[in-house]
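The values are calculated or read from the model by the stated rules, or taken from the named source; none is laboratory data. A quick note: this is a predicted structure, and the numbers were derived from the prediction, not measured. Positions of Cβ are generated from backbone atoms using ideal geometry, with glycine treated the same way; all protein chains shown enter the neighbour counts. Side chains included, ligands, DNA and RNA excluded: accessible areas come from the protein's heavy atoms. Shrake-Rupley method; radii C 1.70, N 1.55, O 1.52, S 1.80 Å.
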Amino acid sequence: EAGCSALLVTHPVNVRYLCGFDGSAGALLMTPDRVVLATDGRYVHQAGIQAPDCEVVQTRDYSAVLLDIARTARLSTVGCEGDHVSLNQHARMSELGVDVVATSGLIESLRMVKDAQELDDIRQACSLTESALQSTLDALRVGVTERELARIFSSAAADCGADG
């Protein structure tokens, strides 16, 4: 649809949406034949667990390694997330022997539409938050500090199954 042979995804929220990896450092290359997640040594183990359907590559220069994979596979045009890549990053990527074109909103438009599992997850999150808030309100009394209430809320949320 965007006229690209592959897509380089660098925005962490979009990487997580597409493959499940929630580390703070990494990028994803999606080609017709492969999905490659590049991350540094701190997150290789985590990537293998959270993104089992991805080929994981350890590197510190995510974009360069992923674009080299695209170049080697003779993919003509690689889209990059123009809304999340600086002009300098785009210029540097364009020097790596692959035609890199800026795209806008491709993954975000997918994220807007919720499937049944996502809707169920949202309902569960709301229910969990409601329970944690009720526990916090039950603890509210004169002399309880905001810090204590925050701890009570966090603890109650974790007890209900929250993961972050």
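Pull out all pairs, ordered by first then second residue, where Cβ-Cβ is under 8 Å, the residues are six or more apart or on different chains, the first lies in region 145-164 and is closer than 14 Å to Gln134 by Cβ, and the second is open to solvent by 60 Å² or more (accessible area, probe 1.4 Å) and not in a helix (DSSP H, G or I).
If the second residue must be open to solvent by 60 Å² or more (accessible area, probe 1.4 Å) and not in a helix (DSSP H, G or I), the pairs left are Leu149/Leu140.
Among Leu119, Leu110, which is the only one that is in a helix (DSSP H, G or I), open to solvent by 50 Å² or more (accessible area, probe 1.4 Å), of a type outside the set (Val, Ile, Thr) and under 26 Å from Ala47 (Cβ atoms)? Step through it out loud before you land on a result.
On the way: Leu119 fails: under 26 Å from Ala47 (Cβ atoms).
Of the residues listed, the single one that is in a helix (DSSP H, G or I), open to solvent by 50 Å² or more (accessible area, probe 1.4 Å), of a type outside the set (Val, Ile, Thr) and under 26 Å from Ala47 (Cβ atoms) is Leu110.
Before we move on, is Ala158 part of a helix (DSSP H, G or I) and either more than 30 Å from Ile69 (Cβ to Cβ) or open to solvent by 70 Å² or more (accessible area, probe 1.4 Å) (or both)? Walk me through it before giving the result.
Values: part of a helix (DSSP H, G or I): yes; either more than 30 Å from Ile69 (Cβ to Cβ) or open to solvent by 70 Å² or more (accessible area, probe 1.4 Å) (or both): yes.
So Ala158 passes the test.
Under the condition of being open to solvent by less than 70 Å² (accessible area, probe 1.4 Å) and among the aliphatic types (A, V, I, L, M), which residue from region 122-143 is farthest from Ala6 (Cα to Cα)?
Looking at residues that are open to solvent by less than 70 Å² (accessible area, probe 1.4 Å) and among the aliphatic types (A, V, I, L, M), I get Ala139.
Would you be able to tell me the number of residues in region 26-64 that are touching a strand residue (DSSP E or B) at 6+ places or on another chain (Cβ under 9 Å), hydrophobic (A, V, I, L, M, F, W, C) and more than 15 Å from Leu8 (Cβ to Cβ)?
Of the residues in region 26-64, 4 are touching a strand residue (DSSP E or B) at 6+ places or on another chain (Cβ under 9 Å), hydrophobic (A, V, I, L, M, F, W, C) and more than 15 Å from Leu8 (Cβ to Cβ).
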